[in-house]
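Read the structure below first, then the notes.
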Amino acid sequence: MTVTSVDKDFDDLTLTLIADFDAPPERVWELWADPRKLERWWGPPTHPATFERHDLSPGGGVSYYMTGPDGERYGGWWQVTSADAPKSLEFTDGFANDDGTPNPEMPTTEVRMQLAEHGGGTRMELRSVFGTREQMEQLAEMGMEEGLKQAVGQMDALLAA
Amino acid sequence: MLTYNQMVVDELTDEAVDDLFHALADATRRDILRRSVRGEPSVSRLAGAYPMSFAAVQKHVAVLERAGLVTKERRGREQIVRSDHDAVRRARLALDRLEAAWRGRVERMSHLLEEIPDPDDPTTGGGDR
């Protein structure tokens, strides 16, 4: 398994995930720094991401959308706080309106990604923090609806089989 | 999200899973659940939304309640239907989702690293690119 450890702190609303890759940090960094590569892993297979703007310099920004199976689009953005290739990247990740502008009504998460050489490969430490408990609850609610849709979809598929 | 279901299923007994699937296997109950996730509808308001009797809606709510998907709370003369609002549960759900999303991403990153030839390593066939 690539994921080495996962730590969830319900009080601090923080997820810390450590993953090991069998490649040097420069190549793992490329997966973040090259938008065409980033598109191949950011969104789940059912919702591939398209990055329209991708500037990882500090103060820079990224905008993207994910396309669902029915063609519906979900916009997102990053505001880059700091970037130090090929070692670390910090950004705020949020939802966007249809025109790509940040949607202030929607929750954001703070992401800190760090890469270090480890055992001939790369260790990636990723920390993601919800802005506030309200935002986290908002995401949980959305997740519940989404989970529900999926559960229903799976049942429909089962019933149709 | 699939992981949400896996998480839920992991935590429940077979009987509870049966209750859960039974509860979700009905379009009206799924709609009641959606409404109670978005707000806190009263049973009488729900009854007004469907072409069925108050008693029939109450039965649907009871099935959802037994599956642990909603709770019923008396507020004055109204019965309010709420989805689970427990903060820890929500925190767990949100963080579990985030974890699932990142596990998927890490897996795809890992595959991508195997797929993309390393320009510095001729044995991977990327030396000429």
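The values are calculated or read from the model by the stated rules, or taken from the named source; none is laboratory data. Just so we're clear, the structure is a prediction, and the values are computed from it rather than from any experiment. Here the Cβ positions follow ideal geometry from the backbone for every residue, glycine too, while neighbour counts run over all protein chains shown.
Computed quantities for the displayed model
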{"read-out": "A:Q138 vs. criteria without any contact (Cβ under 8 Å) to a residue 40 or more places away in the chain and part of a strand (DSSP E or B)", "value": "no"}
{"read-out": "Strands (runs of 3 or more DSSP E) enclosed by the stretch A:14-74 - at least 1 residues per element that are at pLDDT below 90 and farther than 26 Å from B:P119 by Cα", "value": "A:14-21"}
{"read-out": "Answer from A:L38, A:L17, A:L89 - the residue that is facing chain B (nearest Cβ under 9 Å) and buried (at least 18 other Cβ atoms within 10 Å of the Cβ)", "value": "A:L17"}
{"read-out": "Given (1) surrounded by fewer than 18 Cβ atoms within 10 Å (Cβ to Cβ); (2) closer than 16 Å to A:M113 by Cβ, number of the condition A:E72 does not satisfy", "value": "(2)"}
{"read-out": "Failed item, numbered, when A:A23 is tested on (1) in contact (Cβ under 8 Å) with a residue 60 or more places away in the chain; (2) aliphatic (A, V, I, L, M); (3) more than 10 Å from every other protein chain (Cβ to nearest Cβ)", "value": "(3)"}
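This table checks each residue for (1) over 23 Å from the mean Cα position of the chain (by Cα); (2) modelled with pLDDT under 90; (3) surrounded by 13 or more Cβ atoms within 10 Å (Cβ to Cβ); (4) not in a helix (DSSP H, G or I).
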{"residue": "B:L33", "(1), (2), (3), (4)": "no, yes, yes, no"}
{"residue": "B:R45", "(1), (2), (3), (4)": "yes, yes, yes, no"}
{"residue": "B:G48", "(1), (2), (3), (4)": "yes, no, no, no"}
{"residue": "B:E65", "(1), (2), (3), (4)": "no, yes, yes, no"}
